Amino acid sequence: MLVVPQGFTLSVAGVLAITIGHRGSPGLLAIWLFVTGASIGFCTITLVSGAHTEDSNRPVSIVGMALMNLLPILVVPAACSASWWVGNKSAAFLAAGFCATVLYVGGVGAFLVIVGSGHTRASPAEAPADSYPPADGSTGTGAK
């Protein structure tokens, strides 16, 4: 099964590789700041989108054309461009990690909204018999 988060790995690895190529060997602090920037990016997207207030009891499936994930092709140059001009090496790694995460997660969210805007979710009565989780609310194992 293909999953869109694999594009996140491509985006982050690409941004990190280009930033290292531009800035040189980062050292422990700069790598930690890259990861810190990426983590702050996730938190920012979570807070801005309100995702932390939503309840969900079913997994999100990405299917169809949404699997055609070319977003890293845009994210890598955009994130690198945003951090390219930062004068301080450690701050540049922080900015690169932040930009990679915000641009990728925000881009996937926007893409899924655009792709899904023409689709409506089936009611439990209309859901296919083999859907997961089962439309009757059970766990699919016979237990509720």
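Readers should treat all values here as calculations from the given coordinates under stated rules, not as data from a laboratory. The model shown is predicted, which means the values in this text are computed figures rather than measured ones.
Quick one: Karplus J couplings for the stretch 19-25, per residue in order, coefficients 6.51, -1.76, 1.60, θ = phi - 60°, nearest Hz, x for Gly and Pro?
5, 5, x, 7, 9, x, 4
Between Trp84 and Ser49, what length in nm is gained on full extension when 0.36 nm per residue of separation is reduced by their alpha carbon distance?
Full extension from Trp84 to Ser49 adds 9.9 nm.
With θ set to phi - 60° and the Karplus curve 6.51 cos²θ - 1.76 cosθ + 1.60, what are the ³J(HN,Hα) couplings of the stretch 47-55 in order, to the nearest whole Hz, using x for Gly and Pro?
Residue by residue, the stretch 47-55 yields 5, 5, 7, x, 4, 6, 9, 8, 9 Hz.
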